[in-house]
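Student: First, the structure itself, so that you have it in front of you.
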Amino acid sequence: MLTHDAALTWIARWDRQQEGYLPDREERFTALIDAVEAMGRPDPLIIDLGCGPGSLSARLLERLPGATVVSADADPLLLGLGQAAYPHLTFVSLDLRTPGWTGSLGLDRPADVAVSTTALHWISGPDLPKMYAELATVLRPGGLLLNGDHLETHDTTPVIAHLERAVQKRETERRFAGHRPEDWRQWWEAVAADPAFAELHTARTTAGADHHGSESPLLSTHVDALLDAGFTEVGCLWQRGDNRLLCAVRA
Ligand SMILES: C[S@@+](CC[C@H](N)C(=O)[O-])C[C@H]1O[C@@H](n2cnc3c(N)ncnc32)[C@H](O)[C@@H]1O
């Protein structure tokens, strides 16, 4: 049985593990939440796509206590971890590649903003434009998608793409100075070894949530898919190397 305190400790360890790949993770969260705040609504309805254990959702609610956050993910273990740590959040189990996924969100009005961090590169091929097109149906006109992710540009600006990767690498080296946190695999191995996760681990294996398939890392792929889905403006609000906060405005 996973207790509240244990879940918070595991999520703090998740956050450190994610920072090993993204030294500017907290800065990117802050920029994203600044953008939601700048929309000017004290009670925004927010969807967190690929929320994991809810790190971003929890930070959104801390800064914007009047917000409603619906946090969606396909991984039963990460959802269970989030539920144990943040009982005040609404977690929804869904796969963003399954047509009709928005029906599981339980929204009673169009959402003001959809947010996501380090998740949407897992949606690839024809699934990506379909996912964005379906997302557009549940966002209000003028609503935003705010997507923080590594988004590469080697297809259009290869020299700059090389420099972006170099900037990220230097930043990571400076930040951790040879003491990099545990990586993704080590975190999952530690979770698997903790009997408190036995049930959630079985659910994860049964759901096949540890296998993601191909990725869509190109910025151009996301921009094109968003414009095709009816978003009118697409641009970066924040960037460090190839780590970007992409913003798209629904028509
Ligand atoms: C690297 S984690 C990031 C989690 C969280 N957003 C964060 O920043 O800590 C990627 C997340 O995307 C989720 N994900 C990947 N593919 C998905 C899909 N098709 N549908 C829903 N969630 C998905 C994974 O389950 C995982 O929680």
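Student: Normalized C-alpha radius of gyration of region 175-246, against 2.2 N^0.38 Å?
Tutor: Region 175-246 yields a ratio of 1.64.
Student: For the residue pair residue 108 and residue 165, what label-to-label distance in nm results when each label sits 7 Å from Cα along the Cα-to-beta-carbon direction?
Tutor: 4.9
Student: Of the GluC sites (Glu not before Pro) in region 114-212, which ones lie in a loop per DSSP and count no more than 12 other C-beta atoms within 10 Å? Don't jump to the answer; show the numbers that get you there.
Tutor: Values: sites: 134, 152, 164, 171, 173, 182, 189, 199; in loops: 182.
Passing sites in region 114-212 do not exist.
Student: Which value in Å is the Kirkwood Rh of region 1-135 over different Cα pairs?
Tutor: 15.3
Student: For the chain, how big is the tail of P(r) above 28 Å, as a whole percent of Cα pairs?
Tutor: 31
Student: Starting from the Cα-Cα distance between residue 233 and residue 93, subtract it from 0.36 nm times their residue separation and give me the gain in nm to one decimal. Before the final figure, lay out the partial values.
Tutor: Details: separation 140, 0.36 × 140 = 50.40 nm, distance 2.97 nm.
Using 0.36 nm per residue and subtracting the Cα-Cα distance, I get 47.4 nm.
Student: What percent do you get for the relative contact order of the chain when only Cα pairs under 8 Å and 6+ apart count?
Tutor: 24
Student: Anything in the chain that counts as a DSSP H helix reaching 15 Å or more along its axis (C-alpha) with Kyte-Doolittle mean of at least 0.0? List them, would you?
Tutor: Qualifying helices, which must be both long enough and hydrophobic enough, are 127-138.
Student: Also: Rounded to the nearest 500, what is the chain's calculated 222 nm mean residue ellipticity when only DSSP H runs of at least 4 contribute -39500 (n - 2.57) each, over all residues?
Tutor: Dividing the helical sum by the residues of the chain leaves -13500 deg cm²/dmol.
Student: Can you pull the one-decimal nm distance between simple spin-label points at residue 175 and residue 193, each 7 Å off the Cα toward Cβ?
Tutor: It works out to 2.5 nm between the two label points.
Any read-out appearing in this document is the output of simple, stated calculations on the displayed coordinates, not a laboratory observation. Since the structure is predicted, the reported quantities are computational estimates derived from the model, not experimental observations. Neighbour counts run over all protein chains shown; Cβ positions are idealised from the backbone, glycine included.
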